[in-house]
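Single-structure report; data block below.
The values are calculated or read from the model by the stated rules, or taken from the named source; none is laboratory data. Not measured: the values here are computed from a predicted model. Glycine gets a Cβ as well: all are built from the backbone with ideal geometry, and neighbour counts include every protein chain shown. The area values use the complete protein model at the heavy-atom level, side chains included, leaving out ligands, DNA and RNA. Shrake-Rupley method; radii C 1.70, N 1.55, O 1.52, S 1.80 Å.
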Amino acid sequence: MQRLRAWFLAPGYLVTVGLFAVPMLIVCAYSLLSRGPYGGVTTPWTLENYLRVFDPLYLTILWRSVWISAVSTAFCLLLGFPLALFVARAGKRRTLFLNLVMLPFWTSFLIRTYAWMFLLRDTGLINTVLQALHLTGAPLPLLFNNGAVILGLVYGYLPFMVLPLYATLEKLDPALLDAAQDLGASPWVTLWTVIVPLSKTGMMAGCLLVFIPCLGAYLTPDLLGGGKTVMIGNLVQNQFTTARDWPFGSAVSLLLLILVLGLLRLVARKEENLL
Amino acid sequence: MNTVLELRSLTKQYPDQRAVDGISLAIERGEFFSLLGPSGCGKTTTLRLVAGFEEPTEGDILLNGHSVVALPPFRRNVGTVFQNYALFPHLTVFENVAFGLRRRRPNETVDQIRQKVDRALALMQLRGKEKRRPSEISGGEKQRVALARSLVLEPQVLLLDEPLSALDPKLRKQMRIELKELQRRVGITFLFITHDEEEALSLSDRMAVMNKGVIEQVGTPREVYSTPTTRFVAEFLGGVNWLNGVGIRPEAVRMSRTKPRDDDRRSIEGVVNGSTFLGHCVHVHATLASGIPCVVEIDDRMTSFSPGEAIHVWWHPADELPITGTRQ
Ligand SMILES: Nc1ncnc2c1ncn2[C@@H]1O[C@H](COP(=O)(O)OP(=O)(O)O)[C@@H](O)[C@H]1O
Ligand SMILES: [Mg+2]
């Protein structure tokens, strides 16, 4: 029995150790080494890579990543909550709406981001239509700025907000809403005093599921920010490509990991049964 | 007496069926009124119409003489005790009871609200549980919180949807007594919904028997039990023997080994099949001459019958149930 158990668990262990723990250790080691002449790493061992993160240039990037992720998460919550509530109360058509929410997953994220570029660029659909209707004289600067990045992140991660919210709202006993109204609460008051407090776990889960990938995003800021909105993900990517500074790239990605784990600890302590 | 709640040809049509089919009722102020009927007959729908959670297809609902059909639930002065209590799980017992006061009495001070909640909790013997969450109290306590939460608002009518059915049988009997006692004390009109005839008979001042969306009979428990006007009401409220085409309750049928001398027109002969001991009495099962089954309630301290014995049953004409209705 014990042996059988070990056999069944073995593939899981192998994958975890081989594809997660080992690369992790490699990255740890790299972050403590010096930069090689053509990429790669060499001795001596040093802590300098970690100290460089506190350079104002990199702190600015870190701060930008945090606030862009926070704003994107807030928009996701603002848009996702009513949507999840609507789907949860749609009765028989629930499954249909749920599938619609997940429909974007059927196309590559890259292609969908390119689609946004075609919509937003100076000669894109939106600007063309606006100018054809003589609503604007010159093209609006819709692409290659923070706004475009936030739009892209909200668009990309909205389903991750909607799904956990839907899961909590769907379990909400409709009798509680009747009870609230019976005790004199208007639908609006019921929303704030019953529905919102009771979907707190779903909100926390959704916010984490959106905030964490936003923090590490590099494709969206790269394409929609046009290199002007540099986030941590872009910084890491740059170190491994054009800058050829693998040790610094490793140090930054480890710091990102620590940041995310710290955040998870903070939230998980408050919400015991989250996720 | 004055009418507090009146239903006028109230109808609720769902796409696939008519859950409530033109019922009319007048409930007096301070009354304990029960709506009794089998599962699926439309009791909950009727209650939801009165509370305002559903809109009637036809008919009218009057509270103190004014139509409330156009009002949303949060503007109707009725309270509801839900079948599963529907306590707010994220609020304490105190907050649950204060919820309605905060919404419906926005001008009251924090102190006034606290006093009212304290009084309601004391009335329901919930002192000391104020800070608990609904998940941390027993079923009986949950029910008392649900009652306190509605009663603290002093509604014109309190609607109760099978409030005892979620409790275990021992507790159910005890709560039944407490509920009646409570209603007498607070003097609020109760519209009590149940599928349990014993509950309806023992609690009500008056009751209505409902079947397939229609009210079959309204009256005091004694009237409805002793003088049911339809076959459904007669059979729903207790055992009925159908002898010579008339209905007679088991306790009204007499049984003896010899043929009764007077009034042989109403006596039938038969054979005993067996008997069931019920504690306070015994039910003797017999088959009568024409093959009709018959149940007779006897006091076994007086006499007993064994299977196979030839017997005669008879009854007084006054005990024949006056069933006139043609409804099945
Ligand atoms: N929302 C609804 N939609 C369609 N049919 C319903 C709905 N609610 C109740 N019904 C039907 O109406 C009938 C009466 O239901 P209900 O009032 O809950 O009965 P009771 O409370 O007496 O058991 C049932 O047959 C039920 O299936
Ligand atoms: Mg019901």
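Take the conditions open to solvent by 20 Å² or more (accessible area, probe 1.4 Å), among the charged types (D, E, K, R) and farther than 30 Å from A:PHE86 by Cα and apply them to A:LYS200. Does it pass?
For A:LYS200, the condition - open to solvent by 20 Å² or more (accessible area, probe 1.4 Å), among the charged types (D, E, K, R) and farther than 30 Å from A:PHE86 by Cα - is not met.
Just need a number here: residues in segment B:125-160 that are open to solvent by less than 10 Å² (accessible area, probe 1.4 Å) and either within 23 Å of B:ASP196 (Cβ to Cβ) or among the basic types (Lys, Arg) (or both). Total meeting the criteria: 11. Looking across segment B:1-54, the residues that are away from every other protein chain (no Cβ under 14 Å), small (Gly, Ala, Ser) and in contact with a strand residue (DSSP E or B) (Cβ under 8 Å, 6 or more places away or on another chain) come down to B:SER9, B:ALA19, B:GLY22, B:SER24, B:ALA26, B:GLY30, B:SER34, B:GLY37, B:GLY42. How about segment B:192-215: which of its residues are over 9 Å from the mean Cα position of the chain (by Cα) and open to solvent by less than 40 Å² (accessible area, probe 1.4 Å)? Matches in segment B:192-215: B:MET210, B:ASN211, B:GLY213, B:VAL214, B:ILE215.
Scanning segment A:119-150 for residues that are among the β-branched types (Val, Ile, Thr) and open to solvent by less than 60 Å² (accessible area, probe 1.4 Å) yields a count of 3.
The residues of segment A:64-107 that are free of Cβ contacts under 8 Å to residues at least 40 places away in the same chain and under 27 Å from A:THR229 (Cβ atoms), listed by number, are A:TRP67, A:ALA74, A:LEU78, A:THR107. For segment B:202-214, the criterion of a residue being free of Cβ contacts under 8 Å to residues at least 24 places away in the same chain and away from ligand 2 (no atom under 16 Å from the Cβ) is satisfied by no position.
Selection of segment B:24-47 for residues being within 16 Å of ligand 2 (Cβ to nearest atom), surrounded by 22 or more Cβ atoms within 10 Å (Cβ to Cβ) and of a type outside the set (Gly, Ala, Ser) yields B:LEU35, B:LEU36, B:CYS41, B:LYS43, B:THR46, B:LEU47. Mind checking whether some residue in segment B:163-170 is within 16 Å of ligand 1 (Cβ to nearest atom), open to solvent by less than 10 Å² (accessible area, probe 1.4 Å) and either in contact (Cβ under 8 Å) with a residue 60 or more places away in the chain or within 23 Å of B:PRO38 (Cα to Cα) (or both)? Within segment B:163-170, one or more residues are within 16 Å of ligand 1 (Cβ to nearest atom), open to solvent by less than 10 Å² (accessible area, probe 1.4 Å) and either in contact (Cβ under 8 Å) with a residue 60 or more places away in the chain or within 23 Å of B:PRO38 (Cα to Cα) (or both).
Is it the case, given these coordinates, that B:GLY238 is of a type in the set (Gly, Ala, Ser) and more than 15 Å from the chain's Cα centre (by Cα)? Quick ask: steps written out before the conclusion?
Values: of a type in the set (Gly, Ala, Ser): yes; more than 15 Å from the chain's Cα centre (by Cα): no.
So B:GLY238 fails the test.
Can you confirm whether segment B:70-89 contains a residue that is open to solvent by 60 Å² or more (accessible area, probe 1.4 Å) and away from chain A (no Cβ under 13 Å)? There is at least one residue in segment B:70-89 that is open to solvent by 60 Å² or more (accessible area, probe 1.4 Å) and away from chain A (no Cβ under 13 Å). Consider segment A:1-56 and keep the residues that are open to solvent by 70 Å² or more (accessible area, probe 1.4 Å) and of a type in the set (S, T, N, Q). The one that is nearest to A:LEU256 (Cα to Cα) is A:THR16.
For segment B:55-67, the candidate set comprises residues that are within 17 Å of B:ASP21 (Cα to Cα) and not hydrophobic (A, V, I, L, M, F, W, C); within that set, the residue that is nearest to the other protein chains (Cβ to nearest Cβ) is B:GLU55. Restricting the search to helices (runs of 4 or more DSSP H) fully inside segment A:155-249 and requiring at least 1 residues that are within 15 Å of the chain's Cα centre (by Cα) and of a type in the set (A, V, I, L, M, F, W, C) gives A:200-215, A:219-224, A:232-240.
Okay, residues lined up against (1) more than 17 Å from the chain's Cα centre (by Cα); (2) surrounded by 15 or more Cβ atoms within 10 Å (Cβ to Cβ):
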position: A:LYS92; (1), (2): yes, no
position: A:PHE97; (1), (2): yes, yes
position: A:PHE105; (1), (2): no, no
position: A:MET117; (1), (2): yes, yes
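Out of B:VAL218, B:VAL224, one residue alone is away from ligand 1 (no atom under 16 Å from the Cβ) and assigned to a strand (DSSP E or B). It is B:VAL218. Only residues that are more than 8 Å from chain B (Cβ to nearest Cβ) and crowded, with 19+ Cβ neighbours inside 10 Å were counted in segment A:172-194, giving 2.
Looking only at residues in segment B:90-113 that are open to solvent by 60 Å² or more (accessible area, probe 1.4 Å) and facing chain A (nearest Cβ under 9 Å), the one that is modelled with the lowest pLDDT is B:ARG105.
The residues on offer are A:THR136, A:THR123, and the sole one that is farther than 24 Å from B:ARG149 by Cβ, among the polar types (S, T, N, Q) and without any contact (Cβ under 8 Å) to a residue 12 or more places away in the chain is A:THR136. Answer yes or no: is there a residue in segment B:120-135 that is under 27 Å from B:LEU63 (Cβ atoms) and touching a strand residue (DSSP E or B) at 6+ places or on another chain (Cβ under 6 Å). Checked against the condition, which is being under 27 Å from B:LEU63 (Cβ atoms) and touching a strand residue (DSSP E or B) at 6+ places or on another chain (Cβ under 6 Å), segment B:120-135 yields no hits at all.
Each residue in segment B:48-74 was checked for being more than 16 Å from ligand 2 (Cβ to nearest atom) and either free of Cβ contacts under 8 Å to residues at least 12 places away in the same chain or among the aromatic types (Phe, Trp, Tyr) (or both), and 4 pass. Counting the residues of segment B:10-20 that are touching a Ser or Thr at 6+ places or on another chain (Cβ under 6 Å) and either without any contact (Cβ under 8 Å) to a residue 12 or more places away in the chain or more than 10 Å from ligand 1 (Cβ to nearest atom) (or both) gives 1.
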